[in-house]
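Written below as C-alpha cells is the structure these notes are about.
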Amino acid sequence: MHSPIFSTLNYILQTVVGLYILAVLLRLLLQLVRADFYNPISQFIVKATNPLLVPLRRVVPSVGGVDTASLTLAFIIQILLLYIIAAFDGISPADLSVFAVVFTALLCLIAAILKFYFFALIIIAIASWIAPGNYNPAMIILRQITDPVTNIVRRVIPPMGGLDLSVMVVILAIFFIEQGLLVSLASINSEVLSLSIRSVVMPLR
C-alpha cells in the first residue's frame, strides 16, 4: 500500500496535469465557438498553453479550421499521464496494452470535456437565478462555449412559459454519455487505466 505522502503526490500530479489538459481543450473549444480571445480568461488560457502549443503547431497544422495541434497536445499529455499513473502503481509500461492506453486517453479527454460542460451549465443555471444579467468575464466565456450546444436543443424544445429546458436536457445527455463511457471502460482489462478514467468522469450519480 502506498504511503500517504506518495498518494498525495500522485493526486497532486493528476490534478495539476489534468487542469493543464483541460486548459488545452478549452483553447480548442474557444476557437471552435469563436469566443472573445480578448477576454481575460481567454488570454490566461492562451498564455498558459502557448509554450507547448506554439512549437507543436509547426508540425501539426490546423485542419478544416480546427486547431488539431491543441487536440494532439492534450492527447499526448493524457497518454503520458496514464503511463505515469501506471508507474506510480508499480506497473511497467511494457505490461500495458498500447491500444488500452490510447483508448483510455480518448475516453479521458471526452470525459474532461463532459465534466467541463456539466459544471459550466450548473454555474450558468445558478447564476441565472441569483444574479440574472450579471456578465463578468468568466460568465461570458462559459456562455460563449455552452450556447452552441444549448441552442441546438432550443431549436427542438423552445422555452415554454419563460422556462428554458435546454440546460436540463444537455445535462441529462451528458449523464447518458457518461454511462456509455463507463461501459466502454469495462472492456479494458487494466485496473490502473480504469481508476484513471473513473477519476475524471463527473460524479453525476
In Å², rounded to a whole number, the accessible area per residue of the range 37-179 with probe 1.4 Å is 56
Dividing the mean separation of Cα pairs under 8 Å (6+ apart) by the residue count of the range 42-154 yields a relative contact order in percent of 18
In nm, the gap between the two label points placed 7 Å beyond Cα toward Cβ at I140 and A173 is 2.6
Long-range alpha-carbon pairs in the range 3-53, meaning those over 15 Å apart, account in percent for 53
Once F44 and L32 are pulled to full extension, the length gained, defined as 0.36 nm per residue separation minus their Cα-Cα distance, is 2.6 nm
Phi-derived 3J(HN,Hα) across the range 100-108 with the Karplus relation (6.51, -1.76, 1.60, θ = phi - 60°), rounded Hz, x for Gly and Pro, is 5, 5, 5, 5, 5, 4, 4, 4, 5
Put V33, V183 in order of accessible area, largest first, probe 1.4 Å, and you get V183, V33
Ranked output for segments 50-56, 167-173 by mean other Cβ atoms within 10 Å, highest leading, reads 167-173, 50-56
Heavy-atom accessible area of the range 1-150 with neighbours in place, 1.4 angstrom probe: carbon+sulfur share in percent works out to 73
P(r) of the range 1-90 over all Cα-Cα pairs, 5 Å bins starting at 0, rounded to whole percent, reads 3, 13, 21, 21, 15, 11, 8, 5, 3, 1
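The values are calculated or read from the model by the stated rules, or taken from the named source; none is laboratory data. What you see is a predicted model; the values in this text were computed from it and never measured. We place every Cβ from the backbone using ideal geometry, glycine too, and count neighbours over all the protein chains shown. Protein only, heavy atoms only, side chains kept; ligands, DNA and RNA dropped before computing areas. Shrake-Rupley method; radii C 1.70, N 1.55, O 1.52, S 1.80 Å.
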